[in-house]
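The values are calculated or read from the model by the stated rules, or taken from the named source; none is laboratory data. Note that the coordinates shown come from a computational prediction; the quantities given were computed from them, not determined experimentally. For neighbour counting, all protein chains shown are included, and Cβ atoms are generated from backbone atoms with ideal geometry for every residue, glycine included. Quick note on the areas: whole protein, heavy atoms, side chains included, nothing else; ligands and nucleic acids left out. Shrake-Rupley method; radii C 1.70, N 1.55, O 1.52, S 1.80 Å.
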Amino acid sequence: KEKNLPDRLALSKLEILLLKNCDVQGTCFLGMRELKVLSLTVADGSSRVISLYALRFLPKLRALHLENFEDFMFLGNLMTLEILSLRGSKSEGLANQLGRLGNLKVLDLMRLENLSCPPNVIQRLSQLKELYLPGLEYREISNDIFLETNFLKKLTRLSLEVSSLHFPPDFEFPELENYNICINHRSSSLDYRFEEARSLKVEKVFPYNAVSQLLGNLVKDEYVECLTNKTQQKVSVSMILRNLKQVRIEDCKILKVVFQMEEVEENEAPLLSNLKILRLQSLPDLSCIWELPTQHVRLESLVELTIRECPRLKSLFSLSLAQSLVLLEKLYISFCLELKQIVAELEGDEGEVSSTINSHNSLCFPKLTALNIYFCPRLKYIFPISLASHGLQGLTLGISVCPKLKQVFRVANDSMLQYQQSLRSLSSVSVSGCLLLTDSVVHLEAKKASI
């Protein structure tokens, strides 16, 4: 419902004004000489047209948000503006006004529909530091505004959704401190939160030069999300692997290896040592997660791992990698049809132990609190024998539809006493569809158990 305001408001010292669904005359702002921040939202379906003419007389106006506006005449006269945010369905006549705002430092057009911007408009905004361009859902026509970002020498932050078809072969992004870039990917409403310092989401075939250049410029606080990769090109840069913090890969039909690198300099820092969250889903050809020199890899920061619908995986970790999982808290595995072991024990190269780790006895997951396994029909046991002596204090264990599962810990009959002691440390156990599981003691010793 629209609210009527008087023609003039006697608020001479007001600095911030937020008006929503208000029927206002431009003259009501004439007495607000101290106003610095103004937000105006026109009611949906309103026939009112609010003129921006009176805003010319606000000498200290620095930030302006306009929603559902249709008339952008006089916007270019607001030469003091440093922050401009626009949202709505009309953008006719906007481009000519934008090019005149030479002092803009932040421009947010993310939810502005069907923006049509002639060449050379955005590059005139030489002071621009942050640029948020419309998402794919907000435009029906292709828009190549992002190609002008290379002319913005002060730009440090960019939000962009774009089709890979619009990338020239040699295009590279400017050197950005922060970005949220989606290529062939339409963001959900949650994706618009700029929480991560650097977010890259890619679907289908991607522009190799642009993507590799972005990855190569990673320094710290990175968030890299690759939704699909259907090319055979790889960006195998050790610096990327050191600085990654979160990785998510989904629906890659031909991906065989996630992390792959043949050689590492001896004196370089461990790879993947900053990785905190890894999520892999719907990777039908994936046979190996880590194809890296074992002695140069440490998963010491990994907190959460989710593996779903990876039917060719036979194990998740080598012994040496598992020994570095000192912070792992949550492990979720489902629909991995060939999975036999979570930690591979003495099977070819997978059994090689890093020289920095003394023995199998150091293998333990001290922080693991949740382990859920669902529909892994070839899984025979969950943990290797080397974990039995440590137990898993406080672990909540859920296992469903693993018809070949026989043991939680892989132990021989003469070690059953030690085995039973280790099971007492489990916090709770839930088991269903595991007919061969002989660990009836689990259901008696755990604090909470269901079968």
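Data table
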{"item": "Around Tyr332: net Lys/Arg minus Asp/Glu count, Cβ-Cβ under 10 Å", "result": "+2"}
{"item": "Formal net charge of residues neighbouring Pro366 (Cβ-Cβ distance under 15 Å; K, R +1; D, E -1)", "result": "0"}
{"item": "Sites Asn120 and Ser39, calculated FRET efficiency, Cβ-Cβ separation with R0 22 Å, nearest 0.05", "result": "0.15"}
{"item": "Glu291 accessible area, 1.4 Å probe, all protein chains in place, Å² to nearest 10", "result": "80 Å²"}
{"item": "Label-to-label distance, nm, for residues given as Arg56 and Leu17 (7 Å Cα→Cβ offset)", "result": "1.7 nm"}
{"item": "Where labels lie 7 Å past Cα in the beta-carbon direction, separation of Ile83 and Lys404 in nm", "result": "5.9 nm"}
{"item": "Cross-link table Lys13/Lys154; Lys256/Lys340; Lys314/Lys404, entries beyond 26 Å C-alpha to C-alpha", "result": "Lys13/Lys154"}
{"item": "Residues whose placed amide H lies under 5 Å from that of Cys22, excluding near-sequence neighbours", "result": "Lys3, Thr41, Ala43"}
{"item": "Heavy-atom SASA rank of Met110, Met73 (probe 1.4 Å, accessible area, largest first)", "result": "Met73, Met110"}
{"item": "Added length on full extension, which subtracts the Cα-Cα distance from 0.36 nm per residue, Asn178 to Lys105", "result": "24.8 nm"}
{"item": "Charge tally in the Cβ shell below 10 Å around Arg308, where Lys, Arg are +1 and Asp, Glu are -1, Arg308 excluded", "result": "-1"}
{"item": "Cα-Cα over 32 Å, subset of Lys276/Lys380; Lys60/Lys129; Lys105/Lys276; Lys20/Lys245; Lys105/Lys330", "result": "Lys105/Lys276; Lys20/Lys245; Lys105/Lys330"}
{"item": "Residue-level accessible surface for Asp108, protein heavy atoms, 1.4 Å, Å²", "result": "40 Å²"}
